[in-house]
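Everything below concerns the one structure shown next.
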Ligand code: ACO
């Protein structure tokens, strides 16, 4: 298989090679004008998207030493819905997800993790489901598909398992990962999804998980 490498010339530039922006988390080549332009455009859009200035009526469902989780429901005021849409757009772009119309838009629950710096640094979108299919093993790697696609093609059981809650998106800001934000979002979801009961890990399912999502879900659910 042919491997195409990208070379960069070290001409004594101030920044050389891959750089990670400390505010937006984008990895780009600082010496490459095209990359720099893409970064500037992304940076503005991203920081605007995750900015959270606080709402008069917010549904705080969990509080922590480093932030809080706010729940947004479909009939909440426009400003809350708009924020959820903005965050979802950023998340979908990062994940390469297509806009999927949910089966029951009225039953969607969105949990936003708000950091102490007033930024949305985590997002979980959940909906009611009736059944799920267990991921069985390593990804299928059909010869014809690109490596990116094949990472997403997990082999699933064709035996449906009863389930209650489907997680259609879970995302944590790149610079805040591995701080248990995703874990706290799922714990809070399990506590708040159905009034009066704490869902077991068998009752929740992650839809079409990415490699990161699968690693997290495997650890979280002990499977
Ligand atoms: N690699 C290996 N193990 C991992 C990873 C990883 N990338 N991420 C989480 N885990 C495991 C670890 O055991 C971790 O505990 P540890 O840090 O003590 O070892 C445990 O899961 C808990 O992790 P959290 O810190 O709670 O997870 P985090 O806040 O970093 O968020 C997430 C995980 C949401 C998958 C994040 O990496 C992310 O946003 N990735 C990009 C978006 C994405 O792919 N989302 C999943 C899409 S699938 C879907 O939406 C249904």
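So, in segment 15-46, of the ones that are part of a helix (DSSP H, G or I) and touching a strand residue (DSSP E or B) at 6+ places or on another chain (Cβ under 8 Å), which residue ends up nearest to residue 172 (Cα to Cα)? Residue satisfying both the conditions and the ranking: 39. Within the group 186, 172, which residue is touching a strand residue (DSSP E or B) at 6+ places or on another chain (Cβ under 8 Å), more than 26 Å from residue 106 (Cβ to Cβ) and either modelled with pLDDT of 95 or more or within 7 Å of the ligand (Cβ to nearest atom) (or both)? Checking each option against the conditions leaves just 172.
Each residue in segment 194-223 was checked for being modelled with pLDDT of 95 or more, part of a loop (DSSP other than H, G, I, E, B) and out of contact with any strand residue (DSSP E or B) (no Cβ under 9 Å at 6 or more places or on another chain), and 2 pass.
For residues that are surrounded by 13 or more Cβ atoms within 10 Å (Cβ to Cβ) and more than 14 Å from the ligand (Cβ to nearest atom), scanning just segment 196-223, find the one that is nearest to residue 62 (Cα to Cα). My answer is 199.
Would you check if residue 193 is crowded, with 16+ Cβ neighbours inside 10 Å, under 25 Å from residue 63 (Cβ atoms) and within 6 Å of the ligand (Cβ to nearest atom)? When the stated conditions are applied, residue 193 does not pass them. Any residue at all in segment 86-109 that's modelled with pLDDT of 95 or more, in a strand (DSSP E or B) and within 22 Å of residue 198 (Cα to Cα)? Taking every residue of segment 86-109 in turn, at least one turns out to be modelled with pLDDT of 95 or more, in a strand (DSSP E or B) and within 22 Å of residue 198 (Cα to Cα). Checked across segment 116-128, the condition of being assigned to a loop (DSSP other than H, G, I, E, B), more than 15 Å from the ligand (Cβ to nearest atom), on the phi < 0 side of the Ramachandran plot and at pLDDT 95 or above holds for at least one residue.
The values are calculated or read from the model by the stated rules, or taken from the named source; none is laboratory data. In this text the structure is predicted, and so the values were computed from the model without any measurement. FYI the Cβ positions are ideal-geometry reconstructions off the backbone, even for glycines, and counts take in every protein chain you see.
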